[in-house]
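I'd like to ask you about the structure that follows.
The values are calculated or read from the model by the stated rules, or taken from the named source; none is laboratory data. Just so it is clear, the model here is predicted, and its values are computed rather than measured. With ideal geometry, Cβ positions are generated from the backbone for all residues, glycine too; neighbour counts draw on all protein chains shown.
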Amino acid sequence: MNIKKTILMRVRTVFLVGAIFAVAIGYRIFHIQYVDGSEWRAKFNSFSKKEIKATRGNIYADDGSLLATSLPLYRLGFDPSVANKEEKLMKIFREGVDSLSILLSQKFKSYPPSYYKNLLIDAQQNHKQFLYLSRGYSLNYRDQQEMMKWPIFREGKNKGGVIFEKIYRRFHPFKELAFRTVGFVNEDNFGAGLESSFNQMLSGVNGQATYQRLAGGISRPIFDGTEIRPVDGYDVYSTLNVNIQDVAEASLLKSLITSNAKFGCVIVMEVATGEIKALANLGLGKEGKYVEKYNYGVGMKHYPGSTFKLASYMALLEDGKVRLTDTVATGNGQWKVGKQPITEAKGHAYGNISVKDAFAKSSNVAVSKLLVKHFKSRPEKFLQYVTNFGLAEPLNFQIRGEERPFFRSPSDKRHWNDAALAKMSFGYEAEITPLQTLAFYNAVANGGKMIQPIIVKEVRSNDKVAKTFTPKVIREKICSDETLVAVKEMLEAVVQHPKGTGHKIKSDLFRIAGKTGTAHKFEKGHWVDNAYYTSFAGFFPADKPKYSAIVIIDSPQFGMMAGEAAAPVFKDIADKIYAGDVEMHQMLASKDAADDVPVIAGGKYEELHDICNKLKISNYDRDTANAEWVFPGLKSNRAVYWKSNKMELNTVPDVHGLCLRDAVYLLENFGYRVRTVGRGKVISQSPQAKRSLDKGSTIIVTLG
């Protein structure tokens, strides 16, 4: 009986304790929900999940040079409330706040030490949990490591309250070089160039972390172990060549300034591979300076002008209607197709002229007469040839924004007639992009094989190839071998013929094959007076083509045609590529000397002057202005004159013509690293002289 009472007592006791415990829990729930509810909801709402940006992948040139990268930077944050946790931490704060304030003032140079001291003490006393101390100032890794040794900060996050929030900024080591081609992506994911076209691969996968919102709209990251680490983006390896890109931009800019043109572009392609080695676009900006604001080479279609005559003659040759020796009667340079007058440029009159010479001199009458005569009754056949040549379809280039080609169709009864066919023969009634024209010319240089141009060859992750882009053959053969031989001869004649439209760019070192193009501009429904779209497309060396290129100069002033505006840019680029390509040629040192005067490299004036005097070589000053560094010049009377090699601060010095020792000495003294190719004296440098470039950047010096 006593046992039974004992058991009942125990059960009742347990029940009573459970009941009291349940009531306590219920009360606590009620209190949290209704009495302290607003406070807890505020605390909960002060925490939020935010994305942690993945490190964006790099973009490289063909030699591994960095074109774009994301540099890790830091924002300096501080939690002054840490000092309030215990007396030991308060002592650390009080003893270090003066020194820390001085260091912050010295680092940021925005406020005196007293400002930072008051800011830190007030925040600590008011139990603030977060301050940004580096507003308007980004810290690099070296800064972060230095600050971790400062008073208070050296105690770390938990005891010192220091917080370094990592951020990333896009950095272009070569600054403006290939800026539009490399491109950008803004916060709204709008962009251009490689950055935009390969954005998904470059971006990686963002992570996630918890942030606490504090007073004043400040958010503080809370690293509580629940964060998801981001996955870094892939690296993009482009086909761009830093040296060729630099040469292309410098030559283009010089021509645009000289001709006061609206805009221009240059594309350089490797013939065998279809790899784009340079893609330069410059347009007149608001401040009157030329800037990269649009990709004209890929995203702008236009009347190609006389560069399209290559397709017209190729169709005639393929159809077996003409031979290079055939004669065309062009009369006084005027011809009418219906009511449409066809005239020669600048009022020329060629009379009876061979097909080869008609191409070299760019006769509009000759090509239009031939095309109308042989394709008048079957224009669809001509357009089929154009399609076979790979000109009627887009190239599906890797950079977005390529325009689709347009050709007037015979099915367009409203606009098609014999005059439309005649005008199409020399580049009207058709619109294509510069890149599409270049791909066509490159196919001629490549033995008739048309290759899809590429500008990215690999995508990698941690040096492992994730994706490879190989050249795609668009057309295995655009025409017969017989036609290829003929058109190559015609293209060379444009430059080699003494009256060819490209005769001014004839080179004594290598042969250039190409065609000028000058198209009258049609804007807003009418033809613009004295406004022309000038171009030159071709390849070199003509006998063993390695590079093809196209140059566009829009609306050059002073009545300049393609042979005066675009062609010289092509030659300038070709000359510089040839000079820097050891495999393409053997440098003839004798070209640098006259008669029996020895080859003299540039260098220090005093040293060169003394050497020449000892060797009894006549030499004298010319505009040296007491310059320390000079270039040699030659006169016909076997004398040398000295030209000043002016050095400007914060710009790359000109080391052309210098020996290796002097070139390295100069560049390294200006704060640059040097990488050399070849032997001899300097024949090219990249980036080009007079450019602004960050100290520590690498200059590629080619010797020959």
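Taking the condition buried (at least 21 other Cβ atoms within 10 Å of the Cβ), modelled with pLDDT of 90 or more and over 27 Å from N530 (Cβ atoms), does A280 pass?
Working: buried (at least 21 other Cβ atoms within 10 Å of the Cβ): yes; modelled with pLDDT of 90 or more: yes; over 27 Å from N530 (Cβ atoms): no.
So A280 fails the test.
Here is a follow-up. Return the total of residues in the range 273-322 being outside any helix (DSSP H, G or I) and touching a strand residue (DSSP E or B) at 6+ places or on another chain (Cβ under 9 Å). Full working, then the answer.
Our first condition is that a residue be outside any helix (DSSP H, G or I); within the range 273-322, this holds for 273-295, 300-304, 319-322.
Now drop any that are not touching a strand residue (DSSP E or B) at 6+ places or on another chain (Cβ under 9 Å), which leaves 273-285, 290-295, 300-304, 322.
Number of matching residues: 25.
Right, next: Please count how many residues of the range 186-201 are aromatic (F, W, Y) and buried (at least 18 other Cβ atoms within 10 Å of the Cβ).
Narrowing the range 186-201 to residues aromatic (F, W, Y): 190, 198.
Add one more test, that the residue is buried (at least 18 other Cβ atoms within 10 Å of the Cβ), and what stays is 198.
Total meeting the criteria: 1.
On to the next question. For the range 659-670, check the following and say yes or no: at least one residue is farther than 20 Å from E583 by Cβ, modelled with pLDDT of 80 or more and in a loop (DSSP other than H, G, I, E, B).
There is at least one residue in the range 659-670 that is farther than 20 Å from E583 by Cβ, modelled with pLDDT of 80 or more and in a loop (DSSP other than H, G, I, E, B).
Let me ask something else. I'd like to check something: does the range 362-378 contain any residue that is assigned to a loop (DSSP other than H, G, I, E, B) and under 19 Å from V487 (Cβ atoms)? Write out each step before concluding.
Start the filter on the range 362-378 by keeping residues that are assigned to a loop (DSSP other than H, G, I, E, B), which leaves 362-363, 376-378.
Keeping just the survivors that are under 19 Å from V487 (Cβ atoms) gives 362-363.
Yes: the range 362-378 contains one or more residues that are assigned to a loop (DSSP other than H, G, I, E, B) and under 19 Å from V487 (Cβ atoms).
Determine whether Q334 is at pLDDT below 95, surrounded by fewer than 18 Cβ atoms within 10 Å (Cβ to Cβ) and touching a Ser or Thr at 6+ places or on another chain (Cβ under 6 Å). Show your work before the answer.
Numbers: at pLDDT below 95: yes; surrounded by fewer than 18 Cβ atoms within 10 Å (Cβ to Cβ): yes; touching a Ser or Thr at 6+ places or on another chain (Cβ under 6 Å): yes.
When the stated conditions are applied, Q334 passes them.
OK, next. Give the residues of the range 476-499 that are more than 20 Å from S363 (Cα to Cα) and either surrounded by fewer than 17 Cβ atoms within 10 Å (Cβ to Cβ) or at pLDDT below 95 (or both), sorted by residue number.
Across the range 476-499, the qualifying residues are E476, K477, S480, D481, E482, V485.
Collect the residues in the range 85-117 that are touching a helix residue (DSSP H, G or I) at 6+ places or on another chain (Cβ under 7 Å) and either at pLDDT below 90 or of a type in the set (S, T, Y) (or both), keeping them in residue-number order.
Result: L89, S101, S105, Y111, Y116.
Considering the range 466-485 alone, what residues qualify as being among the hydroxyl-bearing types (S, T, Y), part of a loop (DSSP other than H, G, I, E, B) and more than 21 Å from G320 (Cα to Cα)?
First, the residues of the range 466-485 that are among the hydroxyl-bearing types (S, T, Y): 468, 470, 480, 483.
Then keep just the ones that are part of a loop (DSSP other than H, G, I, E, B); that gives 470, 480.
T470 - this is the single residue of the range 466-485 that is among the hydroxyl-bearing types (S, T, Y), part of a loop (DSSP other than H, G, I, E, B) and more than 21 Å from G320 (Cα to Cα).
Hey, among K571, K576, K499, which residue is among the basic types (K, R) and over 24 Å from the mean Cα position of the chain (by Cα)? Give the steps one after another, and end with the answer.
Working: K571 fails: over 24 Å from the mean Cα position of the chain (by Cα); K576 fails: over 24 Å from the mean Cα position of the chain (by Cα).
The conditions single out K499.
What tally of residues in the range 649-662 results from selecting those that are more than 15 Å from P632 (Cβ to Cβ) and either out of contact with any Phe, Trp or Tyr (no Cβ under 9 Å at 6 or more places or on another chain) or touching a residue at least 40 places away in the same chain (Cβ under 8 Å) (or both)? Show your work before the answer.
Going through the range 649-662, the residues more than 15 Å from P632 (Cβ to Cβ) turn out to be 649-653, 660-661.
With the extra rule that they be either out of contact with any Phe, Trp or Tyr (no Cβ under 9 Å at 6 or more places or on another chain) or touching a residue at least 40 places away in the same chain (Cβ under 8 Å) (or both), the set shrinks to 650-652, 660-661.
Residues that pass the stated criteria total 5.
Are there any pairs, at least 6 apart or on different chains, whose C-beta atoms fall under 8 Å, with the first in the range 375-392 and in contact (Cβ under 8 Å) with a residue 60 or more places away in the chain and over 18 Å from I432 (Cβ atoms) and the second among the aliphatic types (A, V, I, L, M) and buried (at least 18 other Cβ atoms within 10 Å of the Cβ), and if so, which?
From residues that are in contact (Cβ under 8 Å) with a residue 60 or more places away in the chain and over 18 Å from I432 (Cβ atoms), the pairs are F375/A315; F375/L421.
State all residues of the range 138-154 that are touching a Leu at 6+ places or on another chain (Cβ under 8 Å) and either assigned to a helix (DSSP H, G or I) or more than 30 Å from L240 (Cβ to Cβ) (or both); if no residue qualifies, say none. Full working, then the answer.
In the first step, residues of the range 138-154 are kept if they are touching a Leu at 6+ places or on another chain (Cβ under 8 Å); the result is 138-140, 147, 150-153.
Residues satisfying the conditions are L139, M147, W150, P151, I152, F153.
Here's a check for you: in the range 406-423, which residue that is in contact with a strand residue (DSSP E or B) (Cβ under 9 Å, 6 or more places away or on another chain) and of a type in the set (K, R) is nearest to F375 (Cα to Cα)?
Quick first cut of the range 406-423, residues in contact with a strand residue (DSSP E or B) (Cβ under 9 Å, 6 or more places away or on another chain) only: 406-408, 417-423.
Among the residues that remain, those that are also of a type in the set (K, R) are: 408, 423.
Working: R408: 15, K423: 13 Å.
Restricting to residues being in contact with a strand residue (DSSP E or B) (Cβ under 9 Å, 6 or more places away or on another chain) and of a type in the set (K, R), the top hit is K423.
Identify all residues within the range 442-501 that are among the β-branched types (V, I, T), touching a Gly at 6+ places or on another chain (Cβ under 6 Å) and under 21 Å from V551 (Cα atoms); write none if there are none. Steps first, answer last, please.
First pass over the range 442-501, keeping only residues among the β-branched types (V, I, T): 444, 451, 454-456, 459, 465, 468, 470, 473-474, 478, 483, 485, 487, 494-495, 501.
From what's left, touching a Gly at 6+ places or on another chain (Cβ under 6 Å): 451, 454, 474, 478, 494-495, 501.
Once the filter is applied, which keeps residues that are among the β-branched types (V, I, T), touching a Gly at 6+ places or on another chain (Cβ under 6 Å) and under 21 Å from V551 (Cα atoms), the range 442-501 yields I451, I454, V494, V495, T501.
Tally the residues that are in contact (Cβ under 8 Å) with a residue 24 or more places away in the chain and outside any loop (DSSP other than H, G, I, E, B), restricting the search to the range 125-137.
Going through the range 125-137 one residue at a time, the tally reaches 2.
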